[in-house]
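The values are calculated or read from the model by the stated rules, or taken from the named source; none is laboratory data. Here the structure is a predicted model, which means the values were calculated and not measured. No Cβ is skipped: glycine too gets one built from the backbone with ideal geometry, and neighbour counts run over all protein chains shown. For the accessible areas, the whole protein counts, side chains as well, though only heavy atoms, and no ligand, DNA or RNA atoms are used. Shrake-Rupley method; radii C 1.70, N 1.55, O 1.52, S 1.80 Å.
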Amino acid sequence: MSDYSIHHSYSRRQMLQRSSIGFGAMALSSLLHREAAASPLSRDLPERAGLKQLHHPPKAKHVIFCFMSGGVSHVDSFDPKPKLEELHGQPMPVTVQRTQFNNNGNVMASPFKYTQHGESGIPVSSMFPQIGAQADELAVIRSMTTPVNEHAQGNFFMHTGFPFMGYPSAGAWCAYGLGTENENLPGYVVLQSGDAVPPHGGVPLFSNGFLPAQHQGSILKADQREALTNIQPPDASTLQKQRLDFAQSFDQDFLATTGKDSQVEAAIRNYETAFRMQTAVPELCDISGETQVTHELYGLNSSDKELAAYGRQCLLARRLVERGVRFIELSCLNERVGAGNGPNPWDQHGDLEKGHRAMSNQVDQPIAGLIQDLRQRGLLDETLIVWAGEFGRTPFSQGSNGRDHNPFGFSIWMAGGGTKGGTIYGATDELGYHAVENRCEVYDLWATVLHQLGVNHEKLTYRYGGRDFRLTDVHGNVLNSVLA
């Protein structure tokens, strides 16, 4: 802005402030509103967003979190280790840290073969042939770490930055800071299908914590007749609206007596959103208008019911992005192999090859289809996909054919949303045991996600208990090397 413009704007404000109270106040308010609306950073945010404007131009508007609950083995998926084949069956040549069960065996080579994919040549194992075909869209981080080694703590840490309940999930932070582009749907949606359940830690993993209640994750059952219980009203909408307006009059009186308490206000907004969702959710879940090609792309016609069920989640994730939902989380289904169960289906302490093969078959085609569908619709550039579990798995066996938890180095990946596809960042040692190059923390992941959404992770805060909290606590660095 030129010196003249600044002076000219200041002079108008000065004049209006000195005018009569009525005209001056209204005119000044209108002027300030127009100036704020003129900022491209403020125009990117809905009215009810916690932030008044973005901190920098965003690369992404939406996040899809493909959470692989239970802990995917990185040495069997995205981090090939020839040394394991060389030492297979021999004792570990380095000191072994305590594990979850301490039933540790010898070095265990991967039963899966790796192939280089795409122009980038990123190696991906035979677990993920179709995701591998999208390798040039992936930014693979091989040096992620976590300070915890148990499922519930690991899940809380991956979701909230803290290893226990009571803190807002990353989805809640995104919904709070950026708001939702669709007032008829929540800003944070968790999709389930089939027998999928919340990971260990339960529903509090999707909590709003101390943030206003409307930002908690809303669980939608993607393949149920009613995605939300009682979403189909027994009464006409006009009658419901009359009842809601009647209750609203009491709610507003009560809200005034609390001094406009944010939690009470959030509860009122939740009632309003729930009313609008009665129309929006059934329309969202009705995929009859999708083409047969789209159904096939996501695997909805597969004879594998778990694959088809996860595919439906991926398709609904795309539809939620189209409808402006800010953060969408997907849920894996249970294949019942090798100690994996409902909350942690990737947890193969035994029968790793069989269990990981079943789990990867469940998610491979649907996630690859999601990437392709978003790209061909022009939505991948504005949608950031995050693929991660709560930790990795050991390079040595547990018992004869499983792997225990490994928090010291594991792989995740991102795609779309301004990331640099065809990238490998960081490295574990030759055994795949510890991160040794560009070591990353969960804080770095969420700092990077927020950065792509136009948010400085250090400036998205909420005061609670006398302290300004944030998703990344007092940590976190943006992983610029994986950004385009």
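Odds and ends about this structure:
- Heavy-atom accessible area order for Glu183, Glu137, largest first, 1.4 Å probe: Glu183, Glu137
- Bins of 10 Å from zero: percent of alpha-carbon pairs in the range 117-156: 26, 34, 28, 13
- The heavy atoms of Ser42 present about 20 square angstrom of accessible area, all protein chains included, probe 1.4 Å.
- Two-decimal Rg to Rh for the range 312-471 - Kirkwood Rh, Cα set: 1.00
- Cα principal axis extents for the range 106-241, largest first, Å: 64, 32, 30
- Residue-level accessible surface for Cys332, protein heavy atoms, 1.4 Å, Å²: 10
- Pairs spanning more than 31 Å between alpha-carbon atoms, out of Lys354/Lys420; Lys83/Lys420; Lys83/Lys354; Lys81/Lys354; Lys81/Lys305: Lys354/Lys420; Lys81/Lys305.
- Near Lys420, the amide H atoms lying under 5 Å from its own belong to Leu483, Ala484; only residues 5 or more places off or on other chains count, and H is placed 1.01 Å from N.
- Across all directions, the average flat footprint of the convex hull enclosing the Cα atoms of the range 128-177 is 5.3 nm².
- Solvent accessible area, Å² - Ser218, 1.4 Å probe, full protein context: 30
- Protein heavy-atom accessible surface, 1.4 Å probe, per residue over the range 374-453: 27 Å².
- The residues neighbouring Asn103, those whose beta-carbon lies less than 12 Å from its own, together hold a net charge of +1 under the Lys/Arg +1, Asp/Glu -1 convention.
- Summing +1 for each Lys or Arg and -1 for each Asp or Glu among the other residues whose beta-carbon sits under 12 angstrom from that of Gly355 gives 0.
- In the context of the full set of protein chains, the range 70-195 has a per residue accessible area of 36 Å² (1.4 Å probe).
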